[in-house]
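Where a number appears in this text, it was derived from the coordinates with a stated rule and is not lab data. Note that the structure is predicted; figures quoted are calculated from it, not measured. FYI the Cβ positions are ideal-geometry reconstructions off the backbone, even for glycines, and counts take in every protein chain you see.
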Amino acid sequence: MKRPAGTLLIVLWILGMVGNLWAQDSLSSLRCGSRLVVLGETKTDVAFKCGPPLHEQFVGEKIVRTRYGYDKMVVEEWVYNFGPTDFLHTLRFEGGRLAAIFRGERGY
């Protein structure tokens, strides 16, 4: 069966997007003014140090194994824009704790 060329382009585009996500390196800390945010901090700590995010997004739930069985953790992302002299930063929270920090494109 022959597939249309458009289908191949869509598949290649999706693979490219997934590759870009894997290529992003997670940072271990983020400076908000004179305050430092590190992995493992709570959402409350981050909001106190960096202020409210530009955007908050519910990503989904993650199933984790605990010593009592399995549990669900809420996964969400906050985006911070520190202006045109810095980059956009996406902070991923899992179970209310900072799990990853990603640097994006130039801020505005």
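Computed from label points 7 Å out along Cα-Cβ, the spacing between residue 49 and residue 63 is 3.3 nm. The phi torsions of the stretch 71-78, fed into the Karplus equation with coefficients 6.51, -1.76 and 1.60 and a -60° offset, translate into couplings of 9, 9, 10, 6, 10, 9, 10, 10 Hz, rounded to whole numbers, with Gly and Pro shown as x. Rounded, prolate or oblate: which fits the stretch 42-105, taking a ≥ b ≥ c as square roots of the Cα gyration tensor eigenvalues, rounded meaning a/c under 1.5, else prolate when a/b beats b/c? The shape class here is prolate.
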